[in-house]
Structure formats: C-alpha cells, structure tokens
1. Taking the range 298-321 only, how many residues are at pLDDT below 90 and either among the hydrophobic types (A, V, I, L, M, F, W, C) or surrounded by 13 or more Cβ atoms within 10 Å (Cβ to Cβ) (or both)?
2. Just the residues that are at pLDDT 90 or above and of a type in the set (A, V, I, L, M), please, taken from the range 1-27.
3. Restricting to the range 271-287, name every residue that is surrounded by fewer than 16 Cβ atoms within 10 Å (Cβ to Cβ), in a helix (DSSP H, G or I) and touching a residue at least 24 places away in the same chain (Cβ under 8 Å).
4. When you look at V143, is it closer than 30 Å to V53 by Cβ, touching a residue at least 12 places away in the same chain (Cβ under 8 Å) and out of contact with any helix residue (DSSP H, G or I) (no Cβ under 6 Å at 6 or more places or on another chain), yes or no?
5. Please go through the range 336-349 and pick out each residue that is of a type in the set (G, A, S), surrounded by 14 or more Cβ atoms within 10 Å (Cβ to Cβ) and under 18 Å from E368 (Cα atoms).
6. Please find, among S234, S238, S247, the residue that is within 27 Å of the chain's Cα centre (by Cα), in contact (Cβ under 8 Å) with a residue 40 or more places away in the chain and either over 22 Å from L82 (Cβ atoms) or surrounded by fewer than 16 Cβ atoms within 10 Å (Cβ to Cβ) (or both).
7. Would you be able to say whether some residue in the range 288-303 is assigned to a loop (DSSP other than H, G, I, E, B), in contact (Cβ under 8 Å) with a residue 24 or more places away in the chain and of a type outside the set (K, R)?
8. State which residue is surrounded by the fewest Cβ atoms within 10 Å (Cβ to Cβ) when the search covers only the range 125-160 and only residues that are under 24 Å from the mean Cα position of the chain (by Cα) and in a loop (DSSP other than H, G, I, E, B).
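The values are calculated or read from the model by the stated rules, or taken from the named source; none is laboratory data. No experiment lies behind these values; they were computed from the predicted model shown. In this analysis, Cβ positions are derived from the backbone assuming ideal geometry, glycine residues included, and neighbour counts consider all displayed protein chains.
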Amino acid sequence: MKVFVLNKHGKPLMPTTPRKARLLLKEEKAKIVSHSPFTIRLLYGSSGYKQKVKLGIDAGYKTIGFSAVSQKDELVSGEVKLLENQSERIRDRAVYRRQRRNRKRYRPARFDNRKRKEGWLAPSIQHKLESHIRIVNLIKKIVPVTEIVIEVASFDIQAIKNPDIEKMQYQQGKQSGFWNLREYILHRDKHQCQSETCQQKKTQPKNQALAVHHIGYWKKDRTDRPENLITLCSKCHSPANHKQKGSLYGWEPTVAPFRGETFMSQVRWRLVNKLEHCRHTYGYQTKSKRIDLELEKTHYNDAFVIAGGQRQNRTEVLIFQEKRKNNRCLEKFYDAKFIDIGSGKKVGGADLPCGRVKRNKGHEKNGENLKKYRGKKVSKGRRQIRKQRYPIQPHDVVKYNGNFYRAVGIQNKGKYLKMSDGTDKIVKNIKDIEIVFHQKTLVLIDAISM
C-alpha cells in the first residue's frame, strides 16, 4: 500500500509508506487532503526527489485500467468503472427542459438554427472521452508522471460480423432496398408477432397492430441495430410485460452490441492528441507481453504492461466507481394504483392503458382499451418535487457513535439519513451525524492486494 504525497505547493512527490505518513501526521508536519485515494500534503518546504514515472492507460468503453510504474516499483494501479446509461440521462434532461419551456410563454421554434462544430461527438461519447482525460489528470495530481502511454485500436464492425466482406458489399447491407428500419424489421419477421408466449400468433388478422420492440429495453439497451429489434403485437407489447416479471424482461439480443468497438474507433487519436507527453501502443503488443509475464487478463494488468512494467514490485489494486455528482431529477411522478378486475391484483395505471397509438379512435393500429378493467382506485397519482439539495449526498463518508459509515440517502425531508457500514443499513437523525468528507465523482469501492 502506498500513501501519496504532495509538497507544500501542491505538486506531487514520490509516494511514501503508511508508517512514515503516520509519523508526519503525528508530528504535524503534514495534513490529510484526500481520503480516496489517501493523500497527504507536507507543511514544510521540500523539493523532493522524483524518479521517472510512466503511466499506462488501458482505455475502454465500460472500464479504464491504469498503472504508474517507476524503475523498481509500481506506484499506483487500479480500474475505474465508468458511469453507464448516459444517453438515458441526456434524454431525461431533454424531457425536463421541454416541459419547462412549454410552461413558459410562447416563443418561436429555434430547433433549425443549431450548428455542430468541427470534431463534434455525440454527448454520450464526449462524456466518456472527458472521463478518460479526467482520470489521467487525477493521477497526474498525486503521482509525478513524466510519460503517458495509451493503448489504441481501430475496429471494422462490418468485418467483425462478416469476415468475408469486401469492396461493394460494404454498401449493400441487410437494410438495402427498404425505406426505413421499421419496414425491414417487419419484413424480416414476416409481419408476425415473434413472442413465444403470444396466444394470437396463429389467428392474427392482417390489419393487426404491430410494434417494433427493443429486445434489450429491460437493461436500457435501446440501440436501433436490427439484432436488437423484434416484432410484437399490441397485446404482447404491453407495459406489464416490460416489468421485471413480464414476458419481455430478460431477453437478450442474438448479437452483442459493438458500442465499445465504435467508441474506441472514434476517440483513439483524440485521446492521444489531447494529453501532453503521450504516445500510443496497440493491443497485440500488450497481449504478447502480458503472456510472456504470465499475467491474468485484467484491465489493471494490461495497464501495467502498457506502462512498460516487467518485474517491478506490485502495489494493491484500487477499484473506483464513477458516480453522478448531482442528480438533475428534481421531480418524480408516482402512478395511480387500481385493482385489476381481471386478476384482482393491485396494478399501476400504466399497466391498464387506453391502447391508443393514433389520435383517431377507430384507427386500425390502436390496441385494446384496458381502462375498462380498472376497478377501485387504491391511491391517487402524485408528483413529488424536491425543494432543496441536501448537504449529504450518496456515498459520502459520515461518522456516527465513533464509527464510519457510507451515506445511502436522505429521508423524511432531510431529517434522517440512511447509511451503511458495508453489511447492515441503519437510519439515524441527521443531527447526530458528523460529515467526514464528501465523495467526488470517483468512489473507492474496493482494494485488492497483489
């Protein structure tokens, strides 16, 4: 285990041992500036001896591996699990903004005057690119890095799907000859519901209302690739079937998504060009060196090899989880509850919808009106608005009765706090709780000894 050290001016020095850090803190020659990872700052002048340190980055779509090595030791090593479902949060933000604009006075539409700058990336891709740069800068603040090495790769998605593809075949995909994606999916599935539990598969009328369903919707995979889409009838494509115990929950696409490959192909050179004193390497070189060193295939071991690691003394592996700094959702909607006349169970209003797809009530694509099965109303629908931001956020470290806990969430309008010690969860009055430190965007969730 290493303790990271900063000089009096906040510049990184070589890490030290926990024993020496403990002595410096006891003699009041240093103070703690961060708990995650544990970092101290000297209170007296010290130039500090620095060695050449090389930082290796194993870039990825979901996980980033990092390792900084000197000539004799590995100084820091670990993985960062990136924040997922950024597209969903961007979509939610757009909904909130649209609703807020609609409540204001009318103003002319301005959706046609948007211009994209050169080098524009989709917001979800831009977020992950910035996360890579943020993590590198964080390591450079606590370790005196002199050189950065990043593994890059380029992927041909069409060749991954079909190794024999060549020349004009790249322009003649599965959707060639169809007006749009929906038309292709319906033609591929022969305009029939593909659910195995469908009771109307053999008796479906020609004008049956059909919907194109995202197979990975339950795990928030809403990509519009054909392998993730399937044809369903209006009865199978119901809100109840989308829930955890529904027939559509847990389906897996026939072909895994290529998000990671697409991400690396888009950002590989942007990442190298944005960082100073940075050079690149390739995956095949990392693989051969890792096999020679007889190391397990992990992100932090790959980063160790990328940094030029050979027989250096390994340090413990730090596992971080990226988290949201602030929750933009200030309002939540809770659906009304009814007694389903058919089953006698309590269900939400969304489980028994009107079935209308088009405004015209008699349109052939409209499904069955299930509102007639709504029985006694158990509870009304309500909107709950969060009126303030509380000082304690999830994952913050707090102290209660001399013990340390991790905050889970505020309850009862800020009066109580739910917290966890890793095994059990307790709820206590916020007046009896002391805040130790606030977690930022990276939360240390585990440390693995090597």
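1. The qualifying residues number 0.
2. Of everything in the range 1-27, those that are at pLDDT 90 or above and of a type in the set (A, V, I, L, M) turn out to be V3, V5, L6, L13, M14, A21, L23, L24, L25.
3. Selection gives K274, G283.
4. Judged against the criteria, V143 is a match.
5. Of everything in the range 336-349, those that are of a type in the set (G, A, S), surrounded by 14 or more Cβ atoms within 10 Å (Cβ to Cβ) and under 18 Å from E368 (Cα atoms) turn out to be G348, G349.
6. Unique residue meeting the criteria: S247.
7. Yes, the range 288-303 contains a residue that is assigned to a loop (DSSP other than H, G, I, E, B), in contact (Cβ under 8 Å) with a residue 24 or more places away in the chain and of a type outside the set (K, R).
8. Per the stated criteria, the residue is S154.
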